[in-house]
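One structure below.
What follows is calculated from the coordinates using simple rules that are stated; it is not laboratory data. Small disclaimer: the values here were computed from a predicted structure and weren't measured. Every residue, glycine as well, gets a Cβ built from its backbone with ideal geometry; the counts of neighbours run over all protein chains shown.
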Amino acid sequence: MNETMVTVIGNAASEVEARTTAAGHPVARLRLATTVRRYDERRGGWTDAHTSFYTVWAFRTLAENVAASVTVGEPLVVTGRLRVQQGERDGRRWTSADIDATAVGHDLARGTSVFHRVSRVQVTSDQVVDT
């Protein structure tokens, strides 16, 4: 109910890692890089500042579509629930910013894309129905 929803614009910084859970549900994971740009008055132009990295998680149908559609370097818009985790491993502290995606798409301000609707097959006890 009080989840932090975010929309992040950036580039796919890793290949999509797709797998299936023990329960048989598809999961996809990728890293998203977003770099802050600032106007530098001394140089008279825009310059890159720091880069933030997020781990994006997609589940079920979204996971399948992300795995089939996204490659490294592509500009993306990701919307989802932000999860910031901290811990310690081997005596070293770490922080992870993850996004449980509800939507992932190409950033059309930076290129074009073609959409293909995916039809799913539902299996009943005695027949196959195309949806």
### Summed residue charge, Cβ within 9 Å of Ala18's Cβ, Lys/Arg positive, Asp/Glu negative
0
### Message
Among Tyr39, Gly87, Ala63, whose Cα projects farthest towards the positive end of the dipole of the chain, with charges put on the beta-carbon of Lys, Arg (+1) and Asp, Glu (-1)?
### Response
Tyr39
### Task
Go through segment 18-23 residue by residue and turn each phi into a ³J(HN,Hα) via Karplus (6.51, -1.76, 1.60, θ = phi - 60°); whole Hz please, and just put x for glycine and proline.
10, 8, 10, 6, 4, 7
### Query
If one takes the longest principal axis of the Cα atoms in the chain, at what angle in degrees, from 0 to 90 and to the nearest 10, does the Cα axis of helix 60-69 lie?
60
### Query
Expressed as a whole number of Å, what is the distance separating the alpha-carbon centroids of segment 9-42 and segment 89-105?
10
### Task
Give a residue-ordered list of calculated ³J(HN,Hα) values for segment 110-119 (Karplus: 6.51 cos²θ - 1.76 cosθ + 1.60, θ = phi - 60°; whole Hz; x for Gly, Pro).
10, x, 10, 8, 10, 9, 10, 5, 9, 8
### Query
Considering only the other residues whose Cβ falls under 13 Å of the Cβ of Arg31, what net charge follows from Lys and Arg at +1 and Asp and Glu at -1?
-3
### Message
Looking only at the chain, where both bridge partners belong to it, what percent of the DSSP beta bridges are antiparallel (to the nearest 5)?
### Response
95
